[in-house]
Amino acid sequence: MTGGEGGERDPGLQPERTRLAWRRTTLSATVVALLAGRQALHSGASPAGLAALALTAAAWLGFLTAAHLRVVRLGVARPEPLGPRGALAAALCTVAFAVFAAAMLF
């Protein structure tokens, strides 16, 4: 959609919805990391469990950083699309959560 004489794009509420989605996803990742920590500590903190917990914390920090950068970049009138590096970072952190969760179970 275009609007005005300058042909400026009116993004409407899409950037706000996207920002909220990143925040919800970050909250979900935080809950996953906390539950992983609880599971690792209550099941007898084995060295493998502690290593998986440390890696989960690192993946959470990586995801938190990627999400924060994306939320900040969405705060302008014409946000740029998510770049390949940001998408790859978020995807790798998400896959890492699954891998480390599986490692904590064994």
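The values are calculated or read from the model by the stated rules, or taken from the named source; none is laboratory data. None of the values given here were measured: they were computed from a predicted structure. All Cβ positions, even for glycine, are placed from backbone atoms using ideal geometry, and neighbour counts span all protein chains on display. Just the protein is used for accessible areas: all its heavy atoms, side chains included, with ligands, DNA and RNA removed. Shrake-Rupley method; radii C 1.70, N 1.55, O 1.52, S 1.80 Å.
Side notes on the structure shown:
- Each Lys and Arg Cβ is given +1 and each Asp and Glu Cβ -1; about its Cα centre, the chain then shows a dipole of about 200 debye.
- Accessible surface of the chain, 1.4 Å probe, proportion on carbon and sulfur as whole %: 67
- To the nearest ten degrees, helix 14-42 and the longest principal axis of the Cα atoms of the chain are 0 degrees apart.
- Farthest positive-ward along the chain dipole, Cα basis, beta-carbon charges - from LEU13, LEU92, ALA58: ALA58
- Computed over the alpha carbons of segment 25-106, Rg followed by Dmax gives 14.6, 50 Å.
- Heavy-atom accessible area per residue - the chain, 1.4 Å, Å²: 70
- Mean ellipticity per residue at 222 nm, deg cm²/dmol - from DSSP H runs of n ≥ 4 across the chain, formula -39500 (n - 2.57): -26000 deg cm²/dmol
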